[in-house]
Amino acid sequence: GSANAINTDGLAYGGWGFFLHRDSLQNLGGALTGKPTTSYRSEVRAVLEVIWRTKHPTCIVTDCKTVCRILTSILEKCENDELATWPSDDGCHDYWETIVEIVQRRRTRIDVRWMPSHLDEPEKEKAKQAFLAEGGCESWIQGNCGADDMAKKRCEACGPARAPACTRENHPYV
């Protein structure tokens, strides 16, 4: 997930993305809709998009610890036919509710794992080696970077820099 201008009322914009593998036609990203427009909400939207599309056992890898924790709890409760809950104040109630509905209806095996972000950056080499030594995969790092890139591109594509300038021709009240 990605978001810009998050503290600027009315000017915030964001994007989400998920990445299966290099050159996959199923890699996908989109603009974030709804408020609040935050990178956290973008992360949850990416998870929703994966869960909505998957029909096979899937492992979701996220670099957001909070999303991982909440989704893990939801998946465990749904698996045990218990009432799934999520924070009511995180700005993602609509997304979590939809995720629960889909998980309960489809009963497809979904796992979730957390990983550190931006492990492709040179200054994170030590963290990358620790992640790999603890059982992390190079493909997870590539996927995380690919999803981040997709989210940033979708965020930039919907930001104000992409909007046409207001002129008398396209906006008669200017």
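Rounded to whole Hz and in sequence order, give me ³J(HN,Hα) for the range 59-66 from the Karplus expression 6.51 cos²θ - 1.76 cosθ + 1.60, θ = phi - 60°, writing x for Gly and Pro.
The phi angles translate into 10, 8, 10, 10, 9, 10, 4, 5 Hz.
Straight distance only, please: which lysines reach the Cα of Lys35 with their own Cα at less than 19 Å, same-chain residues fewer than 8 apart left out?
Lys152
Keeping every protein chain present and rolling a 1.4 Å probe, give me the accessible area per residue for the range 51-98 in Å².
On the way: 2830 Å² over 48 residues.
Value for the range 51-98: 59 Å² per residue.
Less than 16 Å apart at the alpha-carbon level, and either on another chain or at least 8 residues along: which aspartates and glutamates does that give for Lys128?
Once the sequence-local aspartates and glutamates are set aside, what remains near Lys128 is Asp63, Asp120, Glu138.
Could you name the aspartates and glutamates in cross-link range of Lys55, using Cα to Cα under 15 Å and dropping any fewer than eight places away on the same chain?
Candidates past the 8-residue exclusion: Glu101, Asp111.
Pull out the extension gain between Gln129 and Ala31, defined as 0.36 nm times the separation in residues minus the alpha carbon to alpha carbon distance; nm, one decimal.
Working: separation 98, 0.36 × 98 = 35.28 nm, distance 3.31 nm.
Extending this stretch completely gives an extra 32.0 nm.
Please calculate the 1.4 Å probe accessible area of Phe19, with all protein chains present, and give it to the nearest 10 Å².
About 50 Å², rounded to the nearest 10.
When the solvent-accessible surface of protein heavy atoms is calculated with a 1.4 angstrom probe, in what order do His118, His93 fall, highest first?
Details: His118 55, His93 85 Å².
Correct descending sequence by accessible area is His93, His118.
So what's the net charge close to Ala127: Lys and Arg +1, Asp and Glu -1, counting the other residues with Cβ under 15 Å from its Cβ?
Details: positive: Lys65, Lys124, Lys126, Lys128; negative: Asp63, Asp120, Glu121, Glu123, Glu125, Glu134, Glu138.
So the environment of Ala127 carries a net charge of -3.
The values are calculated or read from the model by the stated rules, or taken from the named source; none is laboratory data. This one's a predicted model, so the numbers in the text were calculated from it and none came from an experiment. Note that we place each Cβ from the backbone using ideal geometry, even for glycine, and neighbour counts take in every protein chain shown. Remember, those area values only see protein heavy atoms, side chains included, never the ligands or the DNA or RNA. Shrake-Rupley method; radii C 1.70, N 1.55, O 1.52, S 1.80 Å.
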